[in-house]
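J.: Take a look at this one; I'll ask things after.
The values are calculated or read from the model by the stated rules, or taken from the named source; none is laboratory data. Since the model is a prediction, treat every value here as computed from it, not as a measurement. Neighbour counts are summed over all protein chains in view; Cβ atoms, including those assigned to glycine, are modelled from backbone coordinates with ideal geometry. The accessibility values were calculated without ligands, DNA or RNA, using every heavy atom of the protein model including side chains. Shrake-Rupley method; radii C 1.70, N 1.55, O 1.52, S 1.80 Å.
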Amino acid sequence: MEKKLFGANYPISIFFIVINEFCERFSYYGMRAVLVLYFKYFLLWDDDFSTTIYHTFVALCYLTPILGAIVADSWLGKFRTIIYLSIVYTIGQVILAVSAIHDISDTDRDGTPNNMSLHIGLSMVGLLLIALGTGGIKPCVAAFGGDQFDDDQEKQRGTFFSIFYLSINAGSLLSTFITPILRGRPTTTQRTHSSCYPLAFGVPAVLMGVSLIVFIAGSGMYKKNDPEGNIMVKVCKCIGFALRNRFRHRSPQYPKRHHWMDWAEEKYDKLLIAQVKMVLKVLFLYIPLPMFWALFDQQGSRWTLQATTMNGDFGALAIMPDQMQTVNPILIIILVPIVDNLVYPLIAKCKLNFTPLRRITVGMFFAGLAFVAAALLQLQIDGTLPQFPSGTEGQVKFINMIDEKINIKAGNESIPLEAFSASDDYLTFSEPFSLNLGPGAENVVSLPDGTRSTIVIIQDAATYRHIEFRDITEKSEKGENEMRFLNGFNTTLNVTVGDETFGAIVTYNMSEYVAVSQGAPQFVIKNDVGDECVYTQTLSFGSSYTLIIPSTFAFGPNCADSIRPVMDMSPNSIHMAWQIPQYFLMTLGEVVFSVTGLQFSYSQAPSNMKSVLQAGWLLTVAVGNIIVLIVAEAATIQDQWAEYLLFASLLVFVCIVFSFMAYFYQYIDPSKIEAQFAHMKPNEKEKRKSLDMTKKNVYANDRRGSDSSDSSDKGSHQTKM
């Protein structure tokens, strides 16, 4: 007797399948949430290349479902395909987690990998295995769950798919929120970056292992259907035969046929040909759809990078840039019932014919509006960001560590500096410049291209001299504040903040940057004999400070008053909440576009070819990500807001094209068309069979004649030779 779930009319096997899907989606979306930041801040790739590799990976994840469906239906069956590819998937997650460990190449233990090529190689192998695993099982798990129900359990099967979809969003929501928190946990070998990517990738790897174990645990309860041959392969062979046969009979002496697929009648039955025609009709409509996914999947790349330059202070909650992606699954859970139960019924009451294809068009339009909103927001952000040097420029600012006012000249700029103070802003130079500190103290300074520097002016006996230090040239990945100390005191000092240490800072030296969270952290300054001074600095998001400890510093009750903060980079002033409108528009577009698209495809697909259209739908996602990586590599647009508008314009254009295509589309009922062949009278079937045999004989004769002609031509050619 088949076991039922909690005594209800549901097979208990679906419990294992739903838990398996939840863990797998947690693993995938958790890893993907921090992936683009891992590329940028660990592998040290620039924004464009990080975006390119990210979307290449996502594209692979949506190309491999075709392979998974063929393997499952033709050879292994769904159960064994899920098992084998889940093992590959888990190995890939483990390799990716290992690739993020500094220690495997950090031979000098300074917190920086010494062999970045090793980390890149491991990362790419891990991502390739993950793409093969997650894509390969994608078309199998939901279908395998549907197989657990009997033919008379349509209602229960529908409920299962709703729960299955909910498990996907629950896994996505939790992982997208939790994984960035795990990434933010500092480790002893990552003092200056305070990001723990091995943990952020390791937990998804563990969840994928749990997913595999849970799925195997239910093995004895599953209904396991044997592979019956892949309909996708049959469809491709039928199309290929029709094209080849049409090409062979391209001569005007052969009568034309109503549809080019009718040229397959010599080999395939009319029912299969009619079904392929229905599929091709829908696939033709899919051609413009990848542009929607090109915009949609940038939530995990460009929009996340945009959030790194914004203020994530939500009062009691501080949101990290990659956590903003949680807005999408939250809005999905809210908007799906509202749209289905309120918006669509209201439109119907207004007597508006809001057909599925019109809904898809509106969904694309909303996605375009989302990118217009992103462009407007980016314009506001750009107005608050520092102007970093280009690849042919260097920037410099000056700090006076002498206990008196001095006047210096850098190039053509005269700069007065009070005691223990800094110049107001960075100066930009594209070639070496002269630095005049006073009589007998003139030097030529050459700044490395694309860098920012701080020149510290000190007094050595009776003369002035300068020391040069490198500054950061990008915002913190988590919106944290990059802090460092400049020690002008006459002895070595040790500075800590929480569990982080700036190390031992000798006189007239600068510490490394340490990432510090927003708030009012306390910096503890100590000397070798145990004296202590506590300095408090109020911090927001994304700023950078150099904290000057002057030569006049003295331990005591008012020691903190003498410390001088110099702002190297102003804090993020645009709040992350301003991203919510673009997330709302994009999610609304997704609800109207994606859900409707799946329903439309299902309703217009023949009974045995719904998997073909599902694979076609997933293929549009892959092509959309390929579009992004092509634009990221090929476009020469310097301003991010302009790139957003380019994508929005392209989608609006595609939206107009699709609306024309949809206008001429005629909806069909596949079941009625299939029924016409199922209810043919015996004599009609016999006539069709006889006609088909005649056509096949003609085709065979044509082929023999063609082959004979080819042989004759070949012999003639050889004689001439």
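J.: In the set Ile630, Ile574, Ile563, which member is surrounded by fewer than 18 Cβ atoms within 10 Å (Cβ to Cβ) and either over 21 Å from Phe284 (Cβ atoms) or not small (Gly, Ala, Ser) (or both)?
T.: On the way: Ile574 fails: surrounded by fewer than 18 Cβ atoms within 10 Å (Cβ to Cβ); Ile563 fails: surrounded by fewer than 18 Cβ atoms within 10 Å (Cβ to Cβ).
It is Ile630.
J.: Among (1) farther than 15 Å from Phe398 by Cβ; (2) out of contact with any Asp or Glu (no Cβ under 8 Å at 6 or more places or on another chain), where does Ile472 come up short?
T.: Condition not satisfied by Ile472: (2).
J.: State which residue is nearest to Asp403 (Cα to Cα) when the search covers only the range 415-443 and only residues that are over 46 Å from the mean Cα position of the chain (by Cα), outside any loop (DSSP other than H, G, I, E, B) and free of Cβ contacts under 8 Å to residues at least 24 places away in the same chain.
T.: Checked the range 415-443; the qualifying residue nearest to Asp403 (Cα to Cα) is Pro416.
J.: Another question, if that's okay. Identify the residue in the range 633-653 that is of a type in the set (Ser, Thr, Tyr) and surrounded by fewer than 20 Cβ atoms within 10 Å (Cβ to Cβ) and, among all such residues, is nearest to Ser50 (Cα to Cα).
T.: For the range 633-653, the residue satisfying everything is Thr636.
J.: Moving on. What number goes with the only condition from (1) of a type outside the set (Asp, Glu); (2) under 35 Å from the mean Cα position of the chain (by Cα); (3) buried (at least 18 other Cβ atoms within 10 Å of the Cβ); (4) at pLDDT 90 or above that Ala217 does not pass?
T.: Of (1) of a type outside the set (Asp, Glu); (2) under 35 Å from the mean Cα position of the chain (by Cα); (3) buried (at least 18 other Cβ atoms within 10 Å of the Cβ); (4) at pLDDT 90 or above, only one is false for Ala217: (3).
J.: Restricting attention to the range 487-500, which residues are part of a strand (DSSP E or B) and among the β-branched types (Val, Ile, Thr)?
T.: The answer is Val495, Thr496, Val497.
J.: Would you call Gly503 on the phi > 0 side of the Ramachandran plot, open to solvent by less than 50 Å² (accessible area, probe 1.4 Å), in a strand (DSSP E or B) and free of Cβ contacts under 8 Å to residues at least 60 places away in the same chain? If you could, list the steps in order and put the result at the bottom.
T.: Numbers: on the phi > 0 side of the Ramachandran plot: yes; open to solvent by less than 50 Å² (accessible area, probe 1.4 Å): yes; in a strand (DSSP E or B): yes; free of Cβ contacts under 8 Å to residues at least 60 places away in the same chain: yes.
So Gly503 passes the test.
J.: Tell me the residue from Ile14, Ile19, Ile66 that is touching a residue at least 60 places away in the same chain (Cβ under 8 Å), under 18 Å from Cys140 (Cα atoms), open to solvent by less than 40 Å² (accessible area, probe 1.4 Å) and of a type in the set (A, V, I, L, M), please.
T.: Answer to the check: Ile14.
J.: Further question: Only one of Lys689, Lys672, Lys696 is of a type in the set (Lys, Arg) and at pLDDT 75 or above. Can you tell me which? Full working, then the answer.
T.: Working: Lys689 fails: at pLDDT 75 or above; Lys696 fails: at pLDDT 75 or above.
Among Lys689, Lys672, Lys696, only Lys672 is of a type in the set (Lys, Arg) and at pLDDT 75 or above.
J.: Any idea which of Thr90, Thr56 is among the hydroxyl-bearing types (Ser, Thr, Tyr), part of a helix (DSSP H, G or I), open to solvent by 30 Å² or more (accessible area, probe 1.4 Å) and in contact with a helix residue (DSSP H, G or I) (Cβ under 9 Å, 6 or more places away or on another chain)? Talk me through it step by step, then tell me what you get.
T.: On the way: Thr90 fails: open to solvent by 30 Å² or more (accessible area, probe 1.4 Å).
The conditions single out Thr56.
J.: Could you list, in sequence order, all residues of the range 291-303 that are open to solvent by 10 Å² or more (accessible area, probe 1.4 Å) and either closer than 23 Å to Tyr667 by Cβ or polar (S, T, N, Q) (or both)?
T.: Listed by number, the list holds a single entry, Gln299.
J.: Then there is this: Residue pairs, Cβ under 8 Å, 6 or more apart or interchain, first in the range 470-490 and among the β-branched types (Val, Ile, Thr), second part of a loop (DSSP other than H, G, I, E, B). List them.
T.: Ile472/Tyr513; Thr473/Phe388; Thr473/Pro389; Thr473/Gly450
J.: Kindly check whether there is at least one residue in the range 392-399 that is basic (Lys, Arg) and surrounded by fewer than 15 Cβ atoms within 10 Å (Cβ to Cβ).
T.: Kept after step one, since they are basic (Lys, Arg), are these residues of the range 392-399: 397.
From the residues that got through so far, the ones that are surrounded by fewer than 15 Cβ atoms within 10 Å (Cβ to Cβ) too are none.
No, that holds for no residue.
J.: Could you check the range 123-158 and list, in sequence order, the residues that are in contact (Cβ under 8 Å) with a residue 24 or more places away in the chain, within 18 Å of Val18 (Cα to Cα) and either of a type in the set (Val, Ile, Thr) or open to solvent by 50 Å² or more (accessible area, probe 1.4 Å) (or both)?
T.: Thr134, Ile137, Lys138, Val141
J.: Against the condition on the phi < 0 side of the Ramachandran plot, open to solvent by 60 Å² or more (accessible area, probe 1.4 Å) and part of a strand (DSSP E or B), how does Arg484 come out, does it pass? Give the steps one after another, and end with the answer.
T.: On the way: on the phi < 0 side of the Ramachandran plot: yes; open to solvent by 60 Å² or more (accessible area, probe 1.4 Å): no; part of a strand (DSSP E or B): yes.
No, not satisfied.
J.: Right, another one. Have a look at Gly145, Gly133 and point out the one that is of a type in the set (Gly, Ala, Ser), at negative phi and at pLDDT 90 or above.
T.: Values: Gly145 fails: at pLDDT 90 or above.
Being of a type in the set (Gly, Ala, Ser), at negative phi and at pLDDT 90 or above holds for just one of Gly145, Gly133, which is Gly133.
J.: Return only the number of the condition from (1) open to solvent by 60 Å² or more (accessible area, probe 1.4 Å); (2) over 28 Å from Leu280 (Cβ atoms); (3) of a type outside the set (Gly, Ala, Ser) that Ile656 does not satisfy.
T.: Status for Ile656: all satisfied but (2).
J.: What do you reckon, is Ile402 in contact (Cβ under 8 Å) with a residue 12 or more places away in the chain, part of a strand (DSSP E or B) and touching a strand residue (DSSP E or B) at 6+ places or on another chain (Cβ under 9 Å)?
T.: So Ile402 fails the test.
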